1. How many residues are buried (at least 16 other Cβ atoms within 10 Å of the Cβ) and polar (S, T, N, Q) when one looks only at the range A:18-72?
2. If I filter the range A:141-153 down to residues being more than 14 Å from the chain's Cα centre (by Cα) and at the interface with another protein chain (Cβ under 9 Å from one of its Cβ atoms), which single residue comes out as surrounded by the fewest Cβ atoms within 10 Å (Cβ to Cβ)?
3. Only one of these conditions is not met by residue C:135: (1) more than 9 Å from every other protein chain (Cβ to nearest Cβ); (2) within 25 Å of the chain's Cα centre (by Cα); (3) surrounded by 11 or more Cβ atoms within 10 Å (Cβ to Cβ). Which number is it?
4. Give the number of residues within the range B:86-100 that are over 10 Å from residue B:28 (Cα atoms) and either crowded, with 19+ Cβ neighbours inside 10 Å or of a type in the set (Lys, Arg) (or both).
5. Does the range B:47-60 hold any residues that are in a helix (DSSP H, G or I), without any contact (Cβ under 8 Å) to a residue 12 or more places away in the chain and more than 7 Å from every other protein chain (Cβ to nearest Cβ), and which are they?
6. Taking the range C:91-127, which residues are at pLDDT below 75 and among the charged types (D, E, K, R)?
7. Suppose the filter is in a helix (DSSP H, G or I), of a type in the set (S, T, N, Q) and under 21 Å from residue A:258 (Cα atoms); does residue A:31 pass it?
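The values are calculated or read from the model by the stated rules, or taken from the named source; none is laboratory data. Since we're looking at a predicted model, the values are computed, not measured. Here the Cβ positions follow ideal geometry from the backbone for every residue, glycine too, while neighbour counts run over all protein chains shown.
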Amino acid sequence: MNFIYDPVPWVINWLTQLLLGWGLPINLVNTLLYLVGAVLICLGAMLFTTMLIWAERKIGGRFQDRLGPNRVGPWGIFQSIADMLKIFTKEYINPVGIDKIPFNLAPILAVAAVLAIWAVIPFSETVFGANINVALLFIIAIGGLGEMAIILAGFGSNNKYALLGAFRAVAQLISYEVPMVIVLLIPVMFSGSMGLNEIVQAQKIPFIIYAPVACVIFFICSIAENGRAPFDLIEADSELVAGYNIEYSGLKFGMFFVADFLHAFTSAIVFTTIFLGGWQGPGVEQMPVLGGAYMLIKTLVVYFLMLAIRFTLPRFRIDQMMALNWKILTPLALVTLLVTALVDKSIPHEMTLVRIGALVIVNVLLWLLADRMITAYRKRNPIQVVTGKARPLARPEILPVVEKEAAQ
Amino acid sequence: MIPLYWYLLLAALIFCIGLFGVITRRNSVGILISIELMLNAANINLLAFWRYLYAETGDLRGQVFVIIIFVVAAAEAAVGLAMIISAYRQKQTVVANEIDTMKG
Amino acid sequence: MTGMQILFLITSAVVLFSSIMSVTAKRMIHSALWFVLALLGVAVVFAMLEASFFAVVQVLVYVGAIAILIIFATMLTRRALEDKGDQFNRATLVTLVIVSIIFAGLVVSLKSWAPLQNLTSPLSAEQLNVGVLGLALTAPDGFTLPFEVTSILLLAALIGAIYVAYERKEKKK
């Protein structure tokens, strides 16, 4: 085993030999190494998030024709660290009337629910946390814990805006889980396994080519699961003040903030793993460390796409959000699953090109069909323009009330 | 190693706690929670029996039963909570003793 | 005492304590939250039984769906019985006695059963494969009929739940 070609297993091997040389039993050594690995992954993720926050604010600024953070350090690169210091030194506030345990448990659970996903992600062929055979189900189940955190925050805050935000959040997250789970069955079907390692290994050709429609549906759903624009009804400032985290301040708010950014990045990672082939790429067989680099590059591209959507599109209304899910995404996901299963079963796997061609054609047809149906529906029910008559400008001399008073 | 009866004792205790809740709670949501606890105890039992007595032979009946219990629990929670909310709308109460007329 | 035994004792202590709290808590919402903790503990017990699929499904179905449904229902019916009043009916003492008798009966009647002291032998990867369960559920000579009947039950329950909980506009006036 060579250090340059595959550093992480080399280090693990070296550490194991060292600890065994000290006379520790093998079980203890393995447990210790797992602990060290878990701590390193968590720390790495959290530290990476600080850079991510800076990058997101900078890119977001450019999208919206602003400069973004530019005061602390070159290009404002230390802005997140300054923010972190500020958040650490803030007062630890417990508002009156809160339910203490849920209120304080919620931020921890929110971060933990995201970090737990990192435990099952294969970062390269040889670097992964737990190789469980139900990793996909695990990712979805952990999403349920995130919903729990939001409910705890909304209920514990003893604030009606927080509660409303939590209700909205949970309604949205549960609804968008439905098409997401249906669509996730397609990669499971192609690879014959629910483990992420097997799914990545099956992607010599990434699944985005086999199943573009499923890929798009999953992408939309994962944006909705993050609760980011255009699906940021959870924290619609103009309607709910700030959503479920309104009563939080200091470090507890910081944890929600970190959980939000980390969740977005994590769903980019999951998307990369499931549809873009994870660590697969040229030269990975000889040099597994390249896989990590491919993974990072693909993830960052997906993340950039998410940012572009976040900073460009306006927010959905709540009925539009629900209609998109139940009237378009869920039926489309069901039909895609059925048709993909039929086509995939009816063509033998040895004819790779024919199989890919048939799947692509079927997907394009599905896409066109969905598009035609939505267009026809819109023609029958055109969007009603609700602007009405022009409102007066907020200048006292042209307001009707003022005119009346002046006449008297 | 853990002998089988540890799991059975745990399941029996959870089952008894759930039974106590079902009989004594006044709030019907509480009764539903207790029923779910009892179903969980049954699941622990089924999986323990599967693991200790049948796993080596490849007999999957225990697991299939657990799946069916999951489905029944989900169905029961959905219907039960819908009925509780419907009753609450008409009578403004969730106390099981006070919901005593069959026709709303 | 091996590591597994200590883990089992801690888990079962958490499960038992939180299920007692969820049955006796005064505020319904606390009871629901304790219930979630008990469910997570049961998921750990499933994982210790090497049924990882069921551990994950337990979190997915119970915590992700049923517990959230229960919390929603609690919040929707929150004005009734909130904090005030007795949470138990008059039968508390009698029930305590009955439940103790049932528990004692279970213990006594199973005490002489031979497999109680069974220990597990390690399973091969083949026996832990989830795909085997999937094949068993869909194979014609397996459990297809019960599986399909269960799915119809679920569908019927969903439709029934929607019908029952649907707020009829004309009745409200």
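1. Selection size over the range A:18-72: 2.
2. Narrowing the range A:141-153 to residues more than 14 Å from the chain's Cα centre (by Cα): A:141, A:145, A:148-153.
Those left that are additionally at the interface with another protein chain (Cβ under 9 Å from one of its Cβ atoms): A:141, A:145, A:148, A:151-152.
On the way: A:141: 23, A:145: 19, A:148: 26, A:151: 28, A:152: 26.
Top of the filtered list is A:145.
3. Single failed check for residue C:135: (2).
4. As a first pass, look at the range B:86-100 and keep what is over 10 Å from residue B:28 (Cα atoms): B:86-92, B:98, B:100.
Now drop any that are not either crowded, with 19+ Cβ neighbours inside 10 Å or of a type in the set (Lys, Arg) (or both), which leaves B:87-89, B:91.
The qualifying residues number 4.
5. Selection gives B:54, B:57.
6. First pass over the range C:91-127, keeping only residues at pLDDT below 75: C:114-127.
Scanning the range C:91-127 gives a single hit, C:126.
7. Answer is no for this residue.
Condition check ((1) assigned to a helix (DSSP H, G or I); (2) under 21 Å from residue C:35 (Cβ atoms)) across all residues:
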| site | (1), (2) |
| --- | --- |
| A:112 | yes, yes |
| A:144 | yes, yes |
| A:167 | yes, yes |
| A:179 | yes, no |
| A:187 | yes, no |
| A:193 | no, no |
| A:198 | yes, no |
